[in-house]
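Have a look at the structure below, then the notes.
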Amino acid sequence: MPVLRPRSVLAGALYALLISGTAGIAQSRATSGTLRGALFLVVLFGFFFGGFVAGRGNFAAAARHGAAAAAVAVAVFQGLAVLRRLLVAQDVSLVGLLYNVMFAAVCGSLGGLLATRSPGPDAIRRLSTPSTDSHPPPTS
């Protein structure tokens, strides 16, 4: 069973936290329903992109890396939100927190799976240089 690479998970979590956290804060302050829906899509994209970053180069366990990165990002963000709610004496929903972690993990694992399908930074070089094991056609 492949082991998680902490550096990949942390990189993906930082991207997910940056995108999804910013959009989540903006969503909590938005008044329009349309804007809230659009920002929710940005939050989902953030977890997806964080999973993509974490899964990149970890082809044996890309989905696991993506899910871990998204779960770490949402755990950090939700942890701060719980602290804020406790300081203001608001209710904290455990079911809602678990739902958010699971939803983020699914988006992150899908991003990690997409990372296995992307060609990578050396794709143009691979296509433009002739392969060493190809032989010229025989001349008669």
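Being among the aliphatic types (A, V, I, L, M) and without any contact (Cβ under 8 Å) to a residue 12 or more places away in the chain holds for only one residue in L83, L97, L114, and it is L83. Do the conditions hold for T31, that is, is it farther than 18 Å from V101 by Cβ, out of contact with any strand residue (DSSP E or B) (no Cβ under 9 Å at 6 or more places or on another chain) and not in a helix (DSSP H, G or I)? Yes: the conditions hold for T31. Can you tell me which residues in region 1-52 are within 21 Å of L114 (Cβ to Cβ) and of a type in the set (S, T, N, Q)? Passing the criteria: S8, S20.
Pairs linking a residue in region 27-38 that is more than 19 Å from A81 (Cα to Cα) and modelled with pLDDT of 85 or more to a residue that is surrounded by 10 or more Cβ atoms within 10 Å (Cβ to Cβ) and among the aromatic types (F, W, Y), with Cβ atoms under 6 Å and 6 or more positions apart or on different chains, do not occur.
The values are calculated or read from the model by the stated rules, or taken from the named source; none is laboratory data. Just so you know, these numbers come straight off a predicted model, no measurement behind them. Because the Cβ atoms are built from the backbone with ideal geometry, glycine has one as well, and the counts that use them run over all protein chains shown.
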